[in-house]
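First up is the structure itself, then whatever we jot down about it.
What follows is calculated from the coordinates using simple rules that are stated; it is not laboratory data. None of these values were measured; they are calculated from a predicted model.
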Ligand SMILES: Nc1nc2c(ncn2[C@@H]2O[C@H](COP(=O)(O)OP(=O)(O)O)[C@@H](O)[C@H]2O)c(=O)[nH]1
Ligand SMILES: [Mg+2]
């Protein structure tokens, strides 16, 4: 068998990171905070976006890009709340920045305070890809077990905030909020942690306040002229 060595003189990874940083800077200039949600399938990303949009969209223009392997079911769910563009990967386990750029262009939104990106349900591959977000938020639901942070450390290490979701189910499942938070902080001590239920509404106000504060801190007109990747993303990839 003959072998052939192909030399690729392009650093694809560097190109991806540069494109993501350029997208982030563009959004910062537009004063749009990009918030990305990552989690396992079924943790409650879409439900949380529905409830968040109900709260925020009254006073703050928002839009959503939502990734799935197949179907536009999540876009259909979110469309009543905000302009939404479905990204369907046809099998790929994560989104990449060119898909986000294309979907954003298709949406052609006017001025936005928030752009939410719901990533493909998966705790592994998405963690390695920068989508140009300012905030990376990981959801862990009470039905998944409180031992997951240590098992999927990269997803937790690269996130800015952790949402412990479905706390209305705590009386019925063996899940300790304290144990989950402790395990998550072992891999990322700086995580902001929220516990909420998108069903009962408990904890939603704190979550929305956090988003508004982060909007003010990161992209508010008077403060953020540039986006600093080390401040918002910590060179975490
Ligand atoms: N009990 C309960 N169920 C929830 C909550 N949030 C979402 N769900 C349910 O969990 C399932 C998956 O939610 P979904 O938003 O589609 O999760 P995604 O796959 O992460 O987008 C749906 O049946 C939701 O109604 C919650 O706070 N409490
Ligand atoms: Mg979803």
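Values as computed for the structure displayed
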item: Debye intensity ratio I(q)/I(0), log10, segment 156-201, q values 0.13, 0.16, 0.17 Å⁻¹ (C-alpha model); result: -0.30, -0.44, -0.49
item: Contact order relative to length of segment 28-82, as percent, for alpha carbon pairs under 8 angstrom and 6 or more apart; result: 37 percent
item: Rel. contact order, % - alpha carbon contacts under 8 angstrom, at least six apart, segment 84-217; result: 20 percent
item: Kirkwood Rh, angstrom, segment 13-150 [1 / mean 1/r, Cα pairs]; result: 15.1 Å
item: Mean Cα-pair separation over length for the chain, i.e. relative contact order, pairs under 8 Å, 6 or more apart, %; result: 24 percent
item: The chain: mean projected area of Cα convex hull, nm²; result: 15.1 nm²
item: CD proxy at 222 nm, helix term only [per DSSP H run n ≥ 4: -39500 (n - 2.57); per residue of the chain; nearest 500]; result: -10500 deg cm²/dmol
